[in-house]
Amino acid sequence: MYTRLDRLRAILVGRELPALLVTTPANVRYLSGFTGSNGALLITSNANLLFTDSRYLIQAAREAPTFAVREIINPERPLPVALKAVAAELGLPRIAFEAAYVTVAGHRGLSEALAGVAELTPVEGLVERLREVKDPDELQTLRRAIAITDAAFAATLPRLRPEMTEREAAWMLEVALRIGGAEAISFPIIVAAGPNSALPHARPGDEPLGLNRPIIIDMGARVDGYHADLTRTVTLGEPDERFRQIYAIVLEAQRRAIAGMRPGALTHEVDALARSYIAAMGYGDHFGHGLGHGVGLDVHEGPGLRRAQPEAPGVPLQAGMVTSVEPGIYIEGWGGVRIEDLVLVTADGCTVLSQAPKLNV
Ligand code: ZN
Ligand code: ZN
């Protein structure tokens, strides 16, 4: 079986890159296991180096045993200076860096230190592409995060009362996630009641949950760095006819998209399965966001299920990808309905990982 580093090296060889400097924290963790706040990796054809400072030397040896640790000392030997020494020692003519993460100031520091020693080459998305396909360890962790999320939602739902505020409900959900075993919440929990639920990313406030109106709950547990992401729309009391109709449309849109998920299916085609149904039912102008996103060490990562753009065409799904499928319909002044599950692409189709209950409408 190929390791993550083997797969990365194959890409570096293909692109004729002698070395990659990895500074994006999620990529550092993915490749090395190191979780400290100050870490950078240098991956060459035959060396794995981890740069960190004295606070993390013991942790680095424990979490990243296959990496040789090089100490950074500020201000005497910051990363660019330590990197220069390694470039000279290993005779590296070029070092690729992660353009999406290095700041302008960081780039200036690197190019000044490496002047005359090694050239800097910007690259984007190399490690992120690898991260899109989960290995068995990652799937196991994601499943745990998802199970904690499902259980926290199911345990909290019967305790919600119309007079509670969105903020109180969000806190109850957060407590349930933490007691259930989450190391953190994946993102600030959304509880949006009534007209607030028309805002896809509403922030919980003083609004009471109220009766007979939509309440969108969007939440997730983080476990060992991996993020779950779940949305359910509920009502306290009896949902009215409009709610039932819209809920049924969103649920059917989700079902259609999931039915189309298999290796080789293109991301924008999966998006279209849900989007075209919502449009056909007359709500095309009320579903503005993408259908879904990958989850993993970031709560939003590749691949994105969305309309194809000239600069971002659709990509084929692969077995091992885990994405959200979260169609929604949002109506200003009334509210919204969004239903979000996490789905694993398998060799012959897909499996819905989220198990939190949905409404029978
Ligand atoms: Zn979500
Ligand atoms: Zn999501």
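The values are calculated or read from the model by the stated rules, or taken from the named source; none is laboratory data. From a predicted model like this one, the values you see are computed outputs, not experimental measurements. Positions of Cβ are backbone-derived with ideal geometry, glycine not excepted, and every protein chain shown enters the neighbour counts. In case anyone asks, the SASA skips ligands and DNA or RNA and just uses the protein heavy atoms, side chains included. Shrake-Rupley method; radii C 1.70, N 1.55, O 1.52, S 1.80 Å.
Shown for segment 136-352: the carbon plus sulfur share of the solvent-accessible area, taken with all protein chains present and a 1.4 angstrom probe, equals 54%. One decimal place: the segment residue 137-residue 259 gains 41.3 nm when fully extended, by the rule 0.36 nm per residue minus the C-alpha distance.
Full extension of the segment from residue 124 to residue 307, taken as 0.36 nm per residue of separation minus the current Cα-Cα distance, would add 63.8 nm. Dipole size of the chain about its Cα centre, with +1 on Lys/Arg Cβ and -1 on Asp/Glu Cβ: approximately 400 debye, rounded to the nearest 20. Here the contact order of segment 286-325, divided by its residue count and restricted to Cα pairs under 8 Å and six or more residues apart, works out to 44 percent. Between residue 171 and residue 355, the FRET efficiency from the beta-carbon distance, with R0 = 30 Å, is close to 0.80. Among 240, 150, 298, which one shows the highest mean-square fluctuation when the chain is modelled as a Gaussian network with alpha-carbon springs under 10 Å? Per the Cα network of the chain with a 10 Å cutoff, 240 tops the list. Across segment 136-352, the relative contact order, built from alpha-carbon pairs under 8 Å that are at least six residues apart, equals 21 percent. For Cα pairs less than 8 Å apart in space and 6+ apart in sequence, what is the mean separation divided by the residue count of segment 2-131, i.e. the relative contact order in percent? Relative contact order, segment 2-131: 25 percent. Using only side-chain charges placed at the Cβ, +1 for Lys and Arg and -1 for Asp and Glu, the dipole size of segment 213-349 relative to its Cα centre rounds to 220 debye.
Computed over segment 119-175, the alpha-carbon pair-distance distribution with 5 angstrom bins reads 4, 15, 15, 12, 10, 10, 11, 9, 7, 4, 2, 1, 0, each value a whole percent.
The modelled label-to-label distance between residue 99 and residue 163, using points 7 Å beyond Cα along the C-beta direction, is 5.9 nm. Overall size of segment 2-131 from C-alpha positions, given as principal axis extents largest first: 38, 33, 26 Å. From the alpha carbon centroid of segment 281-337 to that of segment 144-170 is 24 Å. Apply 1/(1 + (r/R0)^6) to the Cβ-Cβ distance of residue 285 and residue 107, taking R0 = 51 Å, and write down the FRET efficiency to the nearest 0.05. Rounded to the nearest 0.05, the efficiency is 0.75.
All other residues whose Cβ lies under 15 angstrom from that of residue 38 are scored, Lys and Arg at +1 and Asp and Glu at -1, for a net of +1.
Taking 262, 203, 159 as the candidate residues, the one with maximal mean-square fluctuation in a Gaussian network model of the chain, Cα springs under 10 Å, is 159. Under the convention that each Lys and Arg Cβ holds +1 and each Asp and Glu Cβ holds -1, the size of the dipole of segment 110-242 around its Cα centre is about 420 debye.
A convex hull fitted to the Cα coordinates of the chain yields 154 cubic angstrom per residue. Within the shell of other residues whose beta carbon sits under 12 angstrom from the beta carbon of residue 202, the net charge comes to 0, with Lys and Arg scored +1 and Asp and Glu -1. Note on the chain: GNM, Cα springs under 10 Å; of 76, 252, 340, the largest mean-square fluctuation is that of 76.
Gain on full extension, evaluated as 0.36 nm per residue between residue 71 and residue 201 minus their Cα-Cα distance, stands at 42.7 nm. Spin-label pair residue 58-residue 212: with each label point 7 Å from Cα along the Cα-Cβ axis, the two points sit 6.3 nm from one another. Panel values: segment 118-272, Kirkwood radius from alpha carbon pairs, Stokes-Einstein at 20 °C and 1.002 mPa s, translational diffusion coefficient 122 µm²/s. Ranking 250, 202, 331 by Cα position along the charge dipole of the chain, where only Lys, Arg, Asp and Glu carry charges on their C-beta atoms, puts 250 farthest toward the positive end.
Rolling a 1.4 Å probe across the protein heavy atoms gives the chain an accessible surface of 45 Å² per residue. Share of pairwise Cα-Cα distances greater than 17 Å in segment 151-194 is 25 percent (whole percent).
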